[in-house]
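K.L.:
Dropping the structure in here first, questions after.
No lab work stands behind these numbers, since they all come straight from the coordinates. All values derive from a computational prediction rather than experimental measurement. Using ideal geometry, Cβ is built from the backbone for each residue, glycine included, and neighbour counts are taken over all protein chains shown.
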Amino acid sequence: MRTLHQKRTPPASLFAPQGFLSRDECQALFAQVVGLTTGGGTTKLRVSSTREGVAEWALNRTRVVSDAQHTDLTITRTIAGAEGWMRTRRLDADGLRHAVRMAEYLRLAHRPWPENLTDPYVDQPISHPTLWSEPTYQLGAEGCTDLAQQLIAPAESAGMISTGALRVVAQSEAVMRSDGMARFYPTTEIQCSMTVRDTGGTASGWAGVNHYDIAKIDPAALAATALDKARRSAHPVAVEPGRWTAILEPQATADLVAMIDAEALDRLKAEMRQGPFKGPTLGTSKISEQVLDRRLILRSDPMDPEGGFVPFEENDGTPYLPVNWIDKGVLKELKYREAYALAKLGYDHALLKPPDFRLTTAPGVPTMSVEEMIATTDRGVLVTRFSGVQLVDFGSLLCTGYTRDGVWLIERGKISKPIQNFRFIESPLFILNNLDAVGTPVRVFAPGSAYVAPPVRVRDFSFVALADAI
Amino acid sequence: MKLGSAAAGAGVVWPRRMLAEIQAARATPGAWAPTVRALLGPTEVAASALEAAKSAGAVYADVRFSYDQAESLFPFVGPTYPGPRRTEHIGWGVRALVNGYWGFAGLDGVATTDDAATLGRAATAQATNAARGKPRTVDLGRIPVATGTWATPVEIDPFTVSYEEKADYMDSIIDDIQRRRYGVAHTFAYITVERGDRLFASSEGSSISQTIFTTTSRLEVNVSADWMSELDGQRAASFLSSAGAGWEYILSSPLRERATQLIDEALGARRPQPVDLGRYDVVFDAEATAQVIAASIGDATALDRAMGYRANEDGTSYLRDPLSMLGTFHVGSPLLTVSMNRSMPHGVATVKWDDEGVEPRDATLVKEGILTDFQTTREAASWLAPYYGTTHQPVRSNGCMGLVDRGASEPPVQVPPNLVMQPGADELSFHDLVKSTKKGLAFVGGQSSTDWQALNGVGGGSMVYRITNGELDGTVGPAQYLYRSPDFWKNLVAIGGKRSAAPFGLLTGNTVSAVPMKVTNVAITDPTRKA
């Protein structure tokens, strides 16, 4: 076996100088892949290359610090409309050759896709948001380790227990096609989240956010919030589940709004009578109907100053466009693919829904801070975030899950006491139609995505049972 | 190789070509070895990583290599199914310990000796950096040095069976099912076969390689809507899940024998009677029991969770003070005994060594209702040293270290082992338990989930029956059961015997073997009913 290995040319070092593959390195890789193909057709290479520095801590001590480089390649071969693809993490010549052969072999099992038989590729412009921050990149695993110490300190000196993670990701996403597409986008991201608990296990507080730029987040403030929530949530009392006026902090709003995802905002599905936006008959949808409170806008925009994201679909390079999916409560757009556009709309551009969103208010709508919402609430509950959210019914987007890490009873305009967690059954569409007050949207914790959501006060939130987990 | 409906009901059909391959595979055990060895490369690569870590100041270091291949098949290759998929993941990782702090460095791809040394130094540098914090101690205990190779015993390496042959076999089954009864709208099936080649070496001298096979499959029969209720019917085969086995797992599954039963159940599920919400005596079949065991006992007895190490992610455990609860805490009724292992034949979590080179031992987590042990790793085992000391057990890892998502290029973490619910002394079956119930419900299959402390849970069945005077009396729905783990398990009043036990491979990467059970006073609610 040894001789077998020695006969091969030794692979070059896998460490990329920057920690992830540059534009030139991606292009060189693509040229190498194209050189290995046989049988004509087109070739597509997706490269996702990452350097990840992580400091995880538990019980006030660093648990593990990790520095890793990851590379994912997806090679797609399309011949006569049928495509086959192979994913690999091998960059050596043998690995690439094997992957190309496998993609070509698997293609034989596929039928032609109509989308692959359209006119020649015409490049569509993409937007160019700033998603790179040099200080974030430079932080690395070492910086995370030092920063983690500073975040642990306040909790430890207060006699509480901090557990959390700081993760710095520097990444390049590239999609290259032999018919001319050449996309490359480098991004950075810092993910910071932590849970502070007391030693008796009677209290738990959480805070977290992710952003491309470390300068736009305040880890020390997050640590203070988690500690403060833990302190104030000790020894919760049970209150009756039922329909409550609920103030959802931005994270809680986002946890539910995330369920209005790409599956729900799908035009073909809606027209086939699936999901919440299906129309009254086959082939219709709720486009142009009011589906949310008139004050709200659900938007995704790669150029969003707070919630920008990679401006193309990471598998096939299709640009993401700025879209108001729901504008002043009215459903404006549902996503569709190229094949749908060709068949139904007479043009060949897809409209895709990224996993990122901004839920915001229409211009001129008065907003309220969480403190103001509390001050103007006679009786209600304040929710930090939700956990284990699962879809129960696609047709109404009914979800179930639990509140977690800080729930308080509000009485006569004041937080009166911490209360036990609830299990809920509720739909984001229902609560955003029962909107009482809305605040200024902020960036929340959604690793790998950009969610911007406001705090909201809603009527009749359905808490169905107590959940005494802390 | 389409087999017409003439072959239906003739038992498992083993085509001649497959038999030939089975015989060939049996004749050459370890036929996989050359490729693995060639890819693993010379052991100098691993040695160079350990050497670099040690000379940089690590008191302990280990290196892992993983080469994971997977093939997924959707036999109905149409516009909605993406057809066959192949993935090949390869990665290295080094873990180093300095003054009680762990550092890790990982890299995807086939590494050179120099790359490995760089990884070794990088892991140690991260640990050294972390070690500037307040003191922390890690006690890894002593384990025997592990050397050797091991592979999941498979009769047919699934990667030696061509895609076409796998797809043809499944297509023929689907064709057969589609023609059996009027009303079968659509039969959905998929197969995923995985093979993981792993290398592990530690600075203590362990050096092992393992090949782990997993075959996962699902078969789901969908029937068209009932004219009256306008509800569709759906039933997934409970005998197909995930197993540490090769292609023979698919060939030996009773796909044809049980197809008619699946269709009948799917058709029967379309007119569920409404159920009055309230508390019932509930009989769970083995699959439904396995789901509850995994969600409640399985998650709660993971020691890293119980000690708070995962508080910011998956959560903690309601068994939140392991040392004072061990040996005394009542998890449930005396009928409940749950053990863990990584040695069960065909278990998804079955290995010879875990990802720290520990040969896992079988441990009883809950004995006759009392909490007796936790799922542990080398570091975690030392946290229970006082308990092990007083009960005269060696302080030793139960062998639950494993690799997730990206394989070796991510730090290893504690993973769930196979779980076994011990059968009862009396040879009772699901139907015996139903017979003993005057008024109640029966849950068959389905899912179950708990909150982040494995305390409060909710679950549903693929089929829910009403029980009247000891008989299954039609399906009901929609209905789900709610539970609070300690209360639920205290109400366990009867369990099935040895012959009713069945294993189920779960998505969490482990197998749970369970028996049917009867629990009293279970809260039943409507999953879609708001407050």
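K.L.:
Once you charge only the Cβ atoms, +1 for Lys and Arg and -1 for Asp and Glu, what is the size of the charge dipole of the range A:165-304 about its Cα centre, to the nearest 20 debye? Intermediate results must be reported in sequence, preceding the final value.
P.N.:
Details: 17 positive and 18 negative charges, 55 e Å.
Magnitude of the dipole: close to 260 debye.
K.L.:
With a 10 Å Cβ neighbour count serving as the proxy for reagent exposure, in which order, fewest first, do B:HIS431, A:HIS70, B:HIS392, B:HIS186 appear?
P.N.:
On the way: B:HIS431 17, A:HIS70 22, B:HIS392 6, B:HIS186 14.
By the 10 Å Cβ count, ascending: B:HIS392, B:HIS186, B:HIS431, A:HIS70.
K.L.:
From other protein chains only, count the Cβ atoms within 10 Å of every residue's Cβ in B:492-503, then give the mean.
P.N.:
Numbers: counts 0, 0, 0, 0, 0, 0, 0, 0, 0, 0, 0, 0.
That works out to 0 on average.
K.L.:
Tell me, what ³J(HN,Hα) does each residue in the range B:61-68 have, in order and in whole Hz, if you take phi through Karplus 6.51 cos²θ - 1.76 cosθ + 1.60 with θ = phi - 60° and put x for Gly and Pro?
P.N.:
8, 9, 10, 10, 10, 9, 10, 10
K.L.:
What residues have an amide H closer than 5 Å to that of B:GLU204, excluding those fewer than 5 places away on the same chain, when H is modeled at 1.01 Å from N in the peptide plane?
P.N.:
HN-HN under 5 Å from B:GLU204: B:ALA61.
K.L.:
At 222 nm, what value in deg cm²/dmol follows for chain B if DSSP H runs of at least 4 each add -39500 (n - 2.57) and the sum is divided by all its residues, to the nearest 500?
P.N.:
Numbers: 14 runs with 123 residues, N = 531.
The helix contribution divided over chain B gives -6500 deg cm²/dmol.
K.L.:
Name the GluC sites (Glu not before Pro) in the range B:174-233 that are in a loop by DSSP and that have at most 11 other C-beta atoms within 10 Å, would you?
P.N.:
Values: sites: B:GLU194, B:GLU204, B:GLU220, B:GLU230; in loops: B:GLU204, B:GLU230.
Filter output for the range B:174-233: B:GLU230.
K.L.:
Where the Cα atoms of the range A:360-422 are projected onto their three principal axes, how long is each span, largest first, in whole Å?
P.N.:
Computed over the range A:360-422, the largest-to-smallest principal extents equal 36, 35, 17 Å.
K.L.:
Tell me which residues come under 5 Å, amide H to amide H, from B:GLY445 once H is placed; ignore anything under 5 positions away on its chain.
P.N.:
Answer set, sorted by chain and number: B:ASP285, B:GLU287, B:ALA288, B:SER462.
K.L.:
Under a no-solvent Debye model with one identical scatterer per Cα of the range A:334-380, what's log10 I(q)/I(0) at q = 0.24, 0.26 Å⁻¹?
P.N.:
-0.89, -0.93
K.L.:
Let me ask something else about it. Which number do you get for Rg(Cα) / (2.2 N^0.38 Å) in the range B:172-255?
P.N.:
On the way: Rg = 19.7 Å, N = 84, 2.2 N^0.38 = 11.8 Å.
Normalised by 2.2 N^0.38 Å, the Cα Rg of the range B:172-255 equals 1.66.
K.L.:
Let me ask you something else. For the range A:138-179, what number results from the quotient of the Cα radius of gyration and 2.2 N^0.38 Å?
P.N.:
Values: Rg = 17.6 Å, N = 42, 2.2 N^0.38 = 9.1 Å.
Cα Rg divided by the expected 2.2 N^0.38 Å: 1.93.
K.L.:
For the range A:263-357, compute Rh as the Kirkwood radius over C-alpha pairs and then the Stokes-Einstein diffusion coefficient at 4 °C and 1.567 mPa s; write the answer in µm²/s, rounded to an integer. If you can, show how the numbers build up before the last one.
P.N.:
Working: Rh = 13.9 Å.
It diffuses with D of about 94 µm²/s by this estimate.
K.L.:
I would also like to ask the following. For the range A:340-411 and the range B:390-405, compute the distance between their C-alpha centroids and round to whole Å.
P.N.:
42
K.L.:
Partner chain Cβ atoms within 10 Å, averaged over the residues of B:106-119 - can you pull that number for me? Working shown, then result.
P.N.:
Values: counts 6, 9, 13, 14, 10, 5, 7, 1, 4, 5, 0, 0, 3, 5.
The mean count of partner-chain Cβ atoms within 10 Å per residue comes to 6.
K.L.:
Kindly provide the helix-only [θ] at 222 nm of chain A, computed as the sum of -39,500 (n - 2.57) over DSSP H runs of four or more divided by all residues, to the nearest 500 deg cm²/dmol? Provide the component values of the computation, followed by the final result.
P.N.:
Details: 9 runs with 96 residues, N = 470.
It comes out at -6000 deg cm²/dmol, rounded to the nearest 500.
K.L.:
Calculate one ³J(HN,Hα) per residue across the range A:177-186 by plugging θ = phi - 60° into the Karplus curve 6.51 cos²θ - 1.76 cosθ + 1.60, and present them in order as whole Hz with x for glycine and proline.
P.N.:
10, 6, 8, x, 5, 9, 10, 8, 9, x
K.L.:
Evaluate Rg over Rh across the range B:388-531, taking Cα atoms for both radii and Kirkwood's formula for Rh. Write out the running numbers ahead of the final one.
P.N.:
Working: Rg = 18.4 Å, Rh = 17.7 Å.
Ratio value, two decimals: 1.04.
K.L.:
Take the Cα coordinates of chain B, assign each an equal point scatterer, and use the Debye formula without solvent to give log10 I(q)/I(0) at q = 0.06, 0.09, 0.10 Å⁻¹.
P.N.:
Calculated log10 I(q)/I(0) at the listed q: -0.32, -0.73, -0.89.
K.L.:
Check the straight Cα-Cα distances from A:LYS414 and name the aspartates and glutamates below 20 Å, setting aside those fewer than 8 residues away within the same chain.
P.N.:
The reachable aspartates and glutamates, counting only those whose Cα sits under 20 Å from A:LYS414, are A:ASP228, A:GLU240, A:GLU249, A:GLU371, A:GLU372, A:ASP378, A:ASP405, A:ASP436, A:ASP460.
K.L.:
Next question, about the same structure. Taking the Cα centre as origin and putting +1 on Lys and Arg beta-carbons and -1 on Asp and Glu beta-carbons, what dipole magnitude results for the protein assembly as shown, to the nearest 20 debye?
P.N.:
Dipole about the Cα centre, nearest 20: 880 debye.
K.L.:
Arrange B:LEU335, B:LEU277, B:LEU255, A:LEU398 by Cβ neighbour counts within 10 Å, fewest through most, would you? Display every interim value, and only then the final one.
P.N.:
Working: B:LEU335 18, B:LEU277 12, B:LEU255 25, A:LEU398 22.
Fewest-to-most Cβ neighbours within 10 Å comes out as B:LEU277, B:LEU335, A:LEU398, B:LEU255.
K.L.:
Okay, moving on. How large is ³J(HN,Hα), in whole Hz, for each residue of the range A:329-343 in order, when computed from phi with the Karplus curve 6.51 cos²θ - 1.76 cosθ + 1.60 and θ = phi - 60°, using x for Gly and Pro?
P.N.:
Karplus-based 3J(HN,Hα) across the range A:329-343 equals x, 9, 5, 9, 9, 10, 5, 8, 9, 4, 4, 5, 4, 5, 6 Hz.
K.L.:
Grab the Cα-Cα distance for B:LYS498 and B:GLN273, subtract it from 0.36 nm times how many residues apart they are, and report the gain in nm with one decimal. List each step's numbers first, then the result.
P.N.:
Working: separation 225, 0.36 × 225 = 81.00 nm, distance 3.32 nm.
77.7 nm is the gain from fully extending B:LYS498 to B:GLN273.
K.L.:
Mind checking the mean number of beta-carbon atoms from other chains within 10 Å of the Cβ atoms in A:49-55?
P.N.:
Numbers: counts 1, 1, 0, 4, 1, 4, 3.
Rounded to a whole number, the mean comes out at 2.
K.L.:
Expressed as an acute angle from 0 to 90° and rounded to the nearest 10, what is the orientation of the C-alpha long axis of helix A:134-157 relative to the principal long axis of chain A?
P.N.:
Taking the Cα atoms of chain A, the angle to A:134-157 is about 30 degrees.
K.L.:
Could you compute how fast the protein assembly as shown diffuses translationally, taking Rh as the Kirkwood radius over C-alpha pairs and applying Stokes-Einstein at 37 °C with viscosity 0.692 mPa s? Give it in µm² per second.
P.N.:
Numbers: Rh = 30.0 Å.
The estimated diffusion coefficient comes to 109 µm²/s.
K.L.:
What number comes out for the charge environment of B:ARG396, summing +1 per Lys or Arg and -1 per Asp or Glu over other residues with Cβ under 13 Å away?
P.N.:
Numbers: positive: B:ARG142, B:ARG361, B:ARG378; negative: B:ASP139, B:ASP354, B:GLU356, B:GLU359, B:ASP362, B:ASP373, B:GLU379.
Taking every Cβ under 13 Å from that of B:ARG396, the sum is -4.
K.L.:
Follow-up. Between their Cα atoms, which of A:LYS286/A:LYS353; A:LYS269/A:LYS344; B:LYS438/B:LYS498 are more than 19 Å away from each other?
P.N.:
Details: A:LYS286/A:LYS353 17 Å; A:LYS269/A:LYS344 14 Å; B:LYS438/B:LYS498 24 Å.
Exceeds cut-off: B:LYS438/B:LYS498.
K.L.:
Rounded to whole Å, give me the distance from the Cα center of the range B:169-199 to that of the range A:95-142.
P.N.:
Taking the Cα centre of each part, the range B:169-199 and the range A:95-142 sit 30 Å apart.
K.L.:
Take every Cα-Cα pair in chain A and report what % of them are more than 35 Å apart. List each step's numbers first, then the result.
P.N.:
Details: 45194 of 110215 pairs.
Result: 41 percent of Cα pairs exceed 35 Å.
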